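Each remark here refers to the structure printed beneath this line.
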Amino acid sequence: MAFLRNAWYCAGWTNELSDRPLGRTFLGEPVAMYRQTNGAAVAVGGRCPHRFAPLSMGKVVDDCIECPYHGLRFGPSGACSHNPHGDGAIPKAASVRAYTLAERDGIVWIWMGDQTLADPRRVPDMHEIAEQQGWRVIRGELKVKAHYELLTDNLMDLSHVPFLHPFLSNAEALPADYHEVRSLKQEGETVYSLHTAKNLPMTPLFAMLWDGETPAQGDLRANMRWEAPANLLLDVGMVPPGAPGAAGPSLPIAHLLTPETEHSTHYFWALARDRKVDDAQMDGILHAGISDVFKNEDERMIVECAHMMDTNDLFSLNPVLLQGDGPSIRARRLLRTRIDKERAACEAIR
Amino acid sequence: MAFLRNAWYCAGWTNELSDRPLGRTFLGEPVAMYRQTNGAAVAVGGRCPHRFAPLSMGKVVDDCIECPYHGLRFGPSGACSHNPHGDGAIPKAASVRAYTLAERDGIVWIWMGDQTLADPRRVPDMHEIAEQQGWRVIRGELKVKAHYELLTDNLMDLSHVPFLHPFLSNAEALPADYHEVRSLKQEGETVYSLHTAKNLPMTPLFAMLWDGETPAQGDLRANMRWEAPANLLLDVGMVPPGAPGAAGPSLPIAHLLTPETEHSTHYFWALARDRKVDDAQMDGILHAGISDVFKNEDERMIVECAHMMDTNDLFSLNPVLLQGDGPSIRARRLLRTRIDKERAACEAIR
Amino acid sequence: MAFLRNAWYCAGWTNELSDRPLGRTFLGEPVAMYRQTNGAAVAVGGRCPHRFAPLSMGKVVDDCIECPYHGLRFGPSGACSHNPHGDGAIPKAASVRAYTLAERDGIVWIWMGDQTLADPRRVPDMHEIAEQQGWRVIRGELKVKAHYELLTDNLMDLSHVPFLHPFLSNAEALPADYHEVRSLKQEGETVYSLHTAKNLPMTPLFAMLWDGETPAQGDLRANMRWEAPANLLLDVGMVPPGAPGAAGPSLPIAHLLTPETEHSTHYFWALARDRKVDDAQMDGILHAGISDVFKNEDERMIVECAHMMDTNDLFSLNPVLLQGDGPSIRARRLLRTRIDKERAACEAIR
């Protein structure tokens, strides 16, 4: 199955780029990224056109990336800028692709398709997890050996939480007046998987972050937003029963999924909080806890499912669908339509 | 090459099943096994039809297996018995296969084919390795990365012993009156690879188990019985020269081979003895010795051969056949006939 | 892509062969090698025709190799010489290939093609790395997960040295009168990649080996000789500026590349020196240094390139070629012509 190419994908965090090249593979293409002296971020094809060495193993010289094998240099445009051999003439064909990057909200976004279509104004808005006054942000990254849509499915149906993450959930001890609603909402091409729970017993996570006296129960919101191809933002928070949204801690979390290949995914996540923002120990507790849940519960399950499926074509397996699958199936269908359109447009040009 | 489906395969030992699910793959199909509260053993398809999670990673609730991902439950019949989401309606298609199990002689047998044909009376008789008065049984299991018929070949031609297991053999020091006979016998669809040796110098294994004064040499029997698809029983024992069968130790050993995939095999073995039955140290010595021989000699060689062959189709390689190959080739041909018949019957129905 | 079959390949070092079989795979074929009692080296097909066990795991008995599984023995001609089973009759088809070996300069050469064409007089001349008076030789071996021509490319274009091996090079500190020439020479079917550098600052390697006062700079020669399919000899040495070749240390080094498969290569190397020949510590320093450079710099880069290429067909990727690629491309084309000729001759016979 093809990737959506004309789209912004997360390539990493802004603080990961420096004058030391960083190599990653996106959509099956090796990419080398670095910063110029003026701070501008650069992304070029990661494979030297001479002997196919990985440019990311080279170094940055004069704002160009130097091949670690025979020393050809390539500038931010992807053109070869220096040939240290023979008469130094630069062969016409000596160039690599250049990819448009955009930096916003602490995220480096990359455009993998037709570069003339890259519009920085259409970069997904993830301001909730940007560094800002009154908030604290922690970040992480996993490499998951599964197709990225299996991760989208996981995130768009959080009804898995009581089963896959029993320690995050209070499913065993729900009071008589507990009431939850899960729903699907679509706005344009944005899909929401909405979840609100009234009178949920206080969870350990929110108890830890609460200011002042912790109520015995509260109202939870956990609303996931999806934009193609696979950039998600979860607005999660808890307030005393019936109170407005700001009356308790907010924990927005971005889930940015970038296919490495058909069978592996870069999973970048960032969590912001508006409580105990100067508490470095809390940073550590949250980072360790989230990493543990993602790695040992979600990732493990997703990789097992990928192995059991043995195909990336979910529908070919005739899955039994439940109410909670609505949002993920909607997202899958919107994405499929976008990919089909992109391919049709491509073929029309040929 | 297809598997024989309408047959009893060893799925494990009776004491392996409990209210905690056990997951294994047989004939390429993932299976989840557990016990109900009343002790009855259950085997169902191991892949949830919703999002294809491995059911064996779930837990048993009310005699049903609960999916570890989103909590669907499936009963012993394979039908979904509980949907914790939305209005709780159970989709019609929500079911997994149910497999017939039979427990006998400490073995859990599974029927992988047409369940209406599963006849517990046709379970292979392995009473020799069942727990019984005057006998002691030890058991083990290996996973071998090779086609199961290569293991059958290994077991049906024990003329490999002096070469592959020099420490088990006394080939170097055979007396003038030593005499051995190897022969093939077929009864119905059961194949025997028979081996008797007269005046064999006492082996370290039998010396260890002997009651009273150990004779310098003895008569050995090592008769392997094969039933399709790959359930073998070796009747091995030694007696003083010319004495009847009960005059020395008996060491029957079951070799139960169940294909995991085309390229890997579950190898279950059980060894019974009628000497030193209360000697726990002897248990340890025998278990360690057998595990070592199987793992470091047989398994290693079989995996090397599988690698050298690079196909499961032995005959396509035109093997040079020797006298000792008679029983294994007979077994291979009987099995092939059964598989061909089964497939023909299948196609006749379509 | 086919291998050149009618050619001498390095199979190992003469001191590696003994009465204990050595198993290696060349051109995709498993081979078992050993020495007869009279010292003659033997190479036969490494796969028993009975049950396909690896003969190299067996032992040598009466100048024959005995299969480790069921004990068939094969003599130096490849014919089965002993069947320990049944009536001992030897099946007609029981034989393996026999390969012609030649020993010269401490190297065991093997002829993988039509054995009637094996001519020991055409064994490559590597006398520079043979044990001889006034010289000291050290040897090593690597297994590289890449097609052998990628290693040829690496060796035939040493312009990679300043980039891949910065610590071996003085590229940063070249004097004004530094002058280097790289050129290509072909004599018959032998290709040379020649490199001379005048007034090169003394390198740590040559400083270490120098007798008497070390000059501040010198003239370096590094001339690589290639013969098909992939046997290379580097004549490397340094002398005081303008002095003749014998005025400084010589360090000839053989690079003998034998394909194991399409995707892996046996890389045998031997380094001779004519200075400090009795200094065992120098042996250790040189061996460790070379192993480190080959393994952590060359091999790592070659394997990365192979991975990035994802094909053995270099030209299908339209590589940008530089001046330094002349010798390697010449070698690739000569080899291709030889392989094509060999295949055409083969097909003409059919």
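The values are calculated or read from the model by the stated rules, or taken from the named source; none is laboratory data. Predicted model only: the values in this text are computed from it and were never measured. Here the Cβ is made from the backbone with ideal geometry for all residues, glycine too, and neighbour counts use every protein chain on show. In case anyone asks, the SASA skips ligands and DNA or RNA and just uses the protein heavy atoms, side chains included. Shrake-Rupley method; radii C 1.70, N 1.55, O 1.52, S 1.80 Å.
Does residue C:79 fit the bill of being without any contact (Cβ under 8 Å) to a residue 12 or more places away in the chain and over 30 Å from residue C:272 (Cβ atoms)?
Numbers: without any contact (Cβ under 8 Å) to a residue 12 or more places away in the chain: no; over 30 Å from residue C:272 (Cβ atoms): yes.
Against the criterion (without any contact (Cβ under 8 Å) to a residue 12 or more places away in the chain and over 30 Å from residue C:272 (Cβ atoms)), residue C:79 does not qualify.
Condition first: assigned to a loop (DSSP other than H, G, I, E, B) and open to solvent by 20 Å² or more (accessible area, probe 1.4 Å). Can you find one or more residues in segment B:143-160 that meet it?
From segment B:143-160, those assigned to a loop (DSSP other than H, G, I, E, B) are B:145-147, B:157; that's our starting set.
From what's left, open to solvent by 20 Å² or more (accessible area, probe 1.4 Å): B:145.
Scanning segment B:143-160 turns up at least one residue that is assigned to a loop (DSSP other than H, G, I, E, B) and open to solvent by 20 Å² or more (accessible area, probe 1.4 Å).
Restricting the first residue to segment C:256-269 and requiring it to be of a type in the set (D, E, K, R), which pairs with a second residue that is at pLDDT 95 or above and in a strand (DSSP E or B) meet a Cβ separation below 8 Å and a spacing of at least six or different chains?
C:260/C:24; C:260/C:25; C:260/C:26; C:260/C:143; C:260/C:266
Tell me yes or no: at least one residue of segment C:162-176 is assigned to a loop (DSSP other than H, G, I, E, B) and loosely packed, with under 13 Cβ neighbours inside 10 Å.
yes
So which residues in segment C:86-112 are under 24 Å from residue B:165 (Cα atoms), surrounded by fewer than 17 Cβ atoms within 10 Å (Cβ to Cβ) and within 34 Å of the chain's Cα centre (by Cα)?
none
Restricted to segment A:40-60, and to residues that are more than 19 Å from residue A:29 (Cα to Cα) and of a type in the set (A, V, I, L, M, F, W, C), which residue is nearest to the other protein chains (Cβ to nearest Cβ)? Let's see the steps before the verdict.
Looking only at segment A:40-60, we keep the residues that are more than 19 Å from residue A:29 (Cα to Cα), and these are A:40, A:59-60.
With the extra rule that they be of a type in the set (A, V, I, L, M, F, W, C), the set shrinks to A:40, A:60.
Numbers: A:40: 25, A:60: 14 Å.
Looking at residues that are more than 19 Å from residue A:29 (Cα to Cα) and of a type in the set (A, V, I, L, M, F, W, C), I get A:60.
Please tell me if residue C:306 is within 9 Å of another protein chain (Cβ to nearest Cβ) and either open to solvent by less than 30 Å² (accessible area, probe 1.4 Å) or modelled with pLDDT under 95 (or both).
Numbers: within 9 Å of another protein chain (Cβ to nearest Cβ): yes; either open to solvent by less than 30 Å² (accessible area, probe 1.4 Å) or modelled with pLDDT under 95 (or both): yes.
Yes; evaluated as a whole, the condition is true for this residue.
Tally the residues that are open to solvent by less than 10 Å² (accessible area, probe 1.4 Å) and more than 10 Å from chain A (Cβ to nearest Cβ), restricting the search to segment B:61-85.
4
List every residue pair whose Cβ atoms lie under 8 Å apart, where the two residues are 6 or more positions apart in sequence or sit on different chains, the first residue falls within segment C:86-115 and is at positive phi and more than 14 Å from every other protein chain (Cβ to nearest Cβ), and the second residue, located anywhere, is surrounded by 14 or more Cβ atoms within 10 Å (Cβ to Cβ) and not in a loop (DSSP other than H, G, I, E, B).
C:105/C:129; C:106/C:13; C:106/C:14; C:106/C:129; C:106/C:137; C:106/C:139; C:106/C:270
With the structure loaded, tell me whether residue B:284 is more than 14 Å from every other protein chain (Cβ to nearest Cβ), surrounded by fewer than 18 Cβ atoms within 10 Å (Cβ to Cβ) and touching a helix residue (DSSP H, G or I) at 6+ places or on another chain (Cβ under 9 Å) or whether it fails that test. Don't jump to the end; show me each part of the working.
On the way: more than 14 Å from every other protein chain (Cβ to nearest Cβ): yes; surrounded by fewer than 18 Cβ atoms within 10 Å (Cβ to Cβ): yes; touching a helix residue (DSSP H, G or I) at 6+ places or on another chain (Cβ under 9 Å): no.
Considered against the rule, which asks whether it is more than 14 Å from every other protein chain (Cβ to nearest Cβ), surrounded by fewer than 18 Cβ atoms within 10 Å (Cβ to Cβ) and touching a helix residue (DSSP H, G or I) at 6+ places or on another chain (Cβ under 9 Å), residue B:284 comes out as no.
For residue B:211, work out the one condition from (1) in contact (Cβ under 8 Å) with a residue 40 or more places away in the chain; (2) surrounded by fewer than 17 Cβ atoms within 10 Å (Cβ to Cβ); (3) over 22 Å from residue B:274 (Cα atoms) it doesn't fulfil.
(3)
Which residue out of B:284, B:326 is free of Cβ contacts under 8 Å to residues at least 40 places away in the same chain and small (Gly, Ala, Ser)? Explain how you work it out, then say what you get.
Working: B:326 fails: free of Cβ contacts under 8 Å to residues at least 40 places away in the same chain.
Only one candidate passes the filter, namely B:284.
Does segment B:28-36 contain at least one residue that is surrounded by fewer than 22 Cβ atoms within 10 Å (Cβ to Cβ), under 27 Å from residue B:121 (Cβ atoms) and more than 12 Å from chain A (Cβ to nearest Cβ)?
Within segment B:28-36, one or more residues are surrounded by fewer than 22 Cβ atoms within 10 Å (Cβ to Cβ), under 27 Å from residue B:121 (Cβ atoms) and more than 12 Å from chain A (Cβ to nearest Cβ).
Return yes when residue A:333 is more than 14 Å from every other protein chain (Cβ to nearest Cβ), free of Cβ contacts under 8 Å to residues at least 12 places away in the same chain and open to solvent by 70 Å² or more (accessible area, probe 1.4 Å) and no when it is not. It would help to see each step written out before you state the result.
On the way: more than 14 Å from every other protein chain (Cβ to nearest Cβ): yes; free of Cβ contacts under 8 Å to residues at least 12 places away in the same chain: yes; open to solvent by 70 Å² or more (accessible area, probe 1.4 Å): yes.
Considered against the rule, which asks whether it is more than 14 Å from every other protein chain (Cβ to nearest Cβ), free of Cβ contacts under 8 Å to residues at least 12 places away in the same chain and open to solvent by 70 Å² or more (accessible area, probe 1.4 Å), residue A:333 comes out as yes.
Please find, among B:293, B:239, B:277, the residue that is surrounded by fewer than 21 Cβ atoms within 10 Å (Cβ to Cβ), aliphatic (A, V, I, L, M) and in contact with a helix residue (DSSP H, G or I) (Cβ under 6 Å, 6 or more places away or on another chain).
So the residue among B:293, B:239, B:277 that is surrounded by fewer than 21 Cβ atoms within 10 Å (Cβ to Cβ), aliphatic (A, V, I, L, M) and in contact with a helix residue (DSSP H, G or I) (Cβ under 6 Å, 6 or more places away or on another chain) is B:239.
So, in segment C:311-330, of the ones that are within 9 Å of chain A (Cβ to nearest Cβ) and either more than 16 Å from residue C:155 (Cβ to Cβ) or aliphatic (A, V, I, L, M) (or both), which residue ends up surrounded by the most Cβ atoms within 10 Å (Cβ to Cβ)?
Initially, segment C:311-330 is screened for residues within 9 Å of chain A (Cβ to nearest Cβ), giving C:314, C:317-325.
Still in the list and also either more than 16 Å from residue C:155 (Cβ to Cβ) or aliphatic (A, V, I, L, M) (or both): C:314, C:317-323.
Details: C:314: 19, C:317: 15, C:318: 9, C:319: 18, C:320: 19, C:321: 15, C:322: 23, C:323: 16.
The residue in question is C:322.
Which one of the conditions (1) more than 30 Å from residue C:277 (Cβ to Cβ); (2) within 12 Å of chain A (Cβ to nearest Cβ); (3) among the β-branched types (Val, Ile, Thr) does residue C:161 fail to meet, given that it meets all the rest?
With (1) more than 30 Å from residue C:277 (Cβ to Cβ); (2) within 12 Å of chain A (Cβ to nearest Cβ); (3) among the β-branched types (Val, Ile, Thr) applied to residue C:161, the lone miss is (1).
Could you check residue C:46 against (1) of a type outside the set (D, E, K, R); (2) open to solvent by 20 Å² or more (accessible area, probe 1.4 Å); (3) within 23 Å of residue C:9 (Cα to Cα) and say which number it fails?
(2)
Out of curiosity, is residue B:52 aromatic (Phe, Trp, Tyr) and under 24 Å from the mean Cα position of the chain (by Cα)? Steps first, please.
Values: aromatic (Phe, Trp, Tyr): yes; under 24 Å from the mean Cα position of the chain (by Cα): no.
So residue B:52 does not fit the description; no.
For segment C:216-236, give me each residue that is surrounded by fewer than 19 Cβ atoms within 10 Å (Cβ to Cβ) and at pLDDT below 95.
Step one: list which residues in segment C:216-236 are surrounded by fewer than 19 Cβ atoms within 10 Å (Cβ to Cβ), which gives C:216, C:221, C:223, C:235.
C:216 - this is the single residue of segment C:216-236 that is surrounded by fewer than 19 Cβ atoms within 10 Å (Cβ to Cβ) and at pLDDT below 95.
So, restricting to strands (runs of 3 or more DSSP E) that lie completely within segment C:1-51, which ones have at least 1 residues that are of a type in the set (Asp, Glu)?
Details: elements: C:8-13, C:22-26, C:29-35, C:41-45.
Qualifying strands (runs of 3 or more DSSP E): C:29-35.
Among the residues of segment C:4-23, which ones are open to solvent by less than 30 Å² (accessible area, probe 1.4 Å) and either in contact with a Leu (Cβ under 9 Å, 6 or more places away or on another chain) or within 14 Å of chain B (Cβ to nearest Cβ) (or both)? Outline the logic, then answer.
The initial filter retains those residues of segment C:4-23 that are open to solvent by less than 30 Å² (accessible area, probe 1.4 Å), namely C:4, C:7-13, C:17, C:21.
Residues satisfying the conditions are C:4, C:9, C:10, C:11, C:12, C:17, C:21.
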